[in-house]
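Throughout, read-outs are computed from the coordinates displayed, never taken from laboratory work. Values in this document were obtained by computation on a predicted structure and should not be read as measured data. Reconstructed Cβ throughout: ideal geometry from the backbone, glycine too, with neighbour counts over all protein chains shown.
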Amino acid sequence: MARRPARNVHDVRKPYHAMLEQEIGPDGILWDVATLFLVNRECPFRCLMCDLWKNTTEAAVDAADIVAQVEAGLAQTGPGRAVKLYNSGSWFDPKAVPIEAYEPVARLVAGFERVIVESHCAFLGERAEQFLILLRRYNPSVTLEVAIGLETVHPEVLARLNKRVTTADFVAAAGWLRMRGMALRSFVLLRPPFLTEDEGLEWAKRTIELAMSVGSTFTALIPVRGGNGAMDALRAAGDWAPPSLASLEAGLRHGLEETSRLPHQRITADVWDISLFSDAGDAESEAIIERVNRMNIEQK
Ligand code: SF4
């Protein structure tokens, strides 16, 4: 924590970012997705590679302010088929999102077919069940999709990320969601610290396979980036380097080969901060980014 740069200061009545993005839907066609990045209290886990705390607060945010953020965010994005309520932590963390916010938020998102939230495995439980009941009160056919950071199935690296989760916990969480009719989205890291480039790609492939084998309906491959202080210190010590764009493409390609054998699964490579990764030279990087964007959309 001592290595952290300053956090950003945000108005707690507005999301710090909101956009209408296009993403491949469960039916294989492009969906409009309203993506809201909400401001709330920092996640208690403090994973080594995480930089999401930059847009969180130290103090709790009131339920009314969370609701105001969702309202303001949806006014900005307009309608879509799915909505992402991403809160830089866990939607089911009581210290991040007060339970009093669930019912008004459920009402606000009633027009969406799919509601996607993030959660650490440890926060799955009664609050998730309550949120689903409320969502169904306003839209009986809604799907609740929970995005979980599996990160890596490399046991030692996963332990060193300080996520305080194991692959077995993730598998159990996937079963828990399935039993309750909730969908699973998985986040997979490309080249976490303590691995070489080749190892980073190999373990990303294994992690994608595990996520899909337990029924992840959507898998997002995320290239690990620096900038949170800790990752920069690891880089200086030779314990980490950003993954290459070539690995991102290779990891995505592997995932797409897997999805061709498994129906109703999707995988994309995260391109939100893609300009940070331009290792291959400008022209080649541009060509890779174009191919990755196409593969994300076409799923082949
Ligand atoms: S659980 Fe997620 S939000 Fe929390 S510290 Fe870890 S990566 Fe960041």
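Collect the residues in the range 36-65 that are part of a helix (DSSP H, G or I), within 23 Å of Gly149 (Cα to Cα), more than 8 Å from the ligand (Cβ to nearest atom) and of a type outside the set (S, T, N, Q), keeping them in residue-number order.
Lys54
If we scan the range 207-219, do we find a residue that is within 16 Å of Glu118 (Cα to Cα) and surrounded by fewer than 22 Cβ atoms within 10 Å (Cβ to Cβ)?
For the range 207-219, residues within 16 Å of Glu118 (Cα to Cα) and surrounded by fewer than 22 Cβ atoms within 10 Å (Cβ to Cβ): present.
Would you please name the residue that is surrounded by the most Cβ atoms within 10 Å (Cβ to Cβ), looking only at residues in the range 62-110 that are of a type in the set (Ser, Thr, Tyr) and under 18 Å from the mean Cα position of the chain (by Cα)?
Ser90
Given the condition among the charged types (D, E, K, R) and under 30 Å from Leu195 (Cβ atoms), answer yes or no: does some residue in the range 119-141 qualify?
no
In this structure, does Gly226 turn out to be over 19 Å from Gln299 (Cβ atoms), of a type in the set (Gly, Ala, Ser) and in contact with a Pro (Cβ under 6 Å, 6 or more places away or on another chain)?
no
Go through the range 144-191 and count every residue that is farther than 19 Å from Thr259 by Cβ, within 15 Å of the ligand (Cβ to nearest atom) and of a type in the set (D, E, K, R).
Summing the residues that are farther than 19 Å from Thr259 by Cβ, within 15 Å of the ligand (Cβ to nearest atom) and of a type in the set (D, E, K, R) in the range 144-191 gives 5.
Which of the residues that make up the range 66-85 are within 20 Å of Val146 (Cβ to Cβ) and small (Gly, Ala, Ser)?
Listed by number, the residues that qualify are Gly73, Gly80, Ala82.
Name the residue, out of Leu256, Leu262, that is within 17 Å of Gly25 (Cα to Cα), of a type outside the set (S, T, N, Q) and more than 19 Å from the chain's Cα centre (by Cα).
Being within 17 Å of Gly25 (Cα to Cα), of a type outside the set (S, T, N, Q) and more than 19 Å from the chain's Cα centre (by Cα) holds for just one of Leu256, Leu262, which is Leu262.
Whether any residue in the range 290-300 is touching a residue at least 12 places away in the same chain (Cβ under 8 Å), touching a strand residue (DSSP E or B) at 6+ places or on another chain (Cβ under 7 Å), surrounded by fewer than 19 Cβ atoms within 10 Å (Cβ to Cβ) and not small (Gly, Ala, Ser) is what I want to check.
For the range 290-300, residues touching a residue at least 12 places away in the same chain (Cβ under 8 Å), touching a strand residue (DSSP E or B) at 6+ places or on another chain (Cβ under 7 Å), surrounded by fewer than 19 Cβ atoms within 10 Å (Cβ to Cβ) and not small (Gly, Ala, Ser): present.
Go through Val33, Val83, Val105 for me and flag whichever is away from the ligand (no atom under 16 Å from the Cβ), in contact with a helix residue (DSSP H, G or I) (Cβ under 6 Å, 6 or more places away or on another chain) and outside any loop (DSSP other than H, G, I, E, B).
Result of the check over Val33, Val83, Val105: Val105.
For the range 15-29, check the following and say yes or no: at least one residue is within 12 Å of the ligand (Cβ to nearest atom), touching a residue at least 40 places away in the same chain (Cβ under 8 Å) and buried (at least 18 other Cβ atoms within 10 Å of the Cβ).
Within the range 15-29, none of the residues are within 12 Å of the ligand (Cβ to nearest atom), touching a residue at least 40 places away in the same chain (Cβ under 8 Å) and buried (at least 18 other Cβ atoms within 10 Å of the Cβ).
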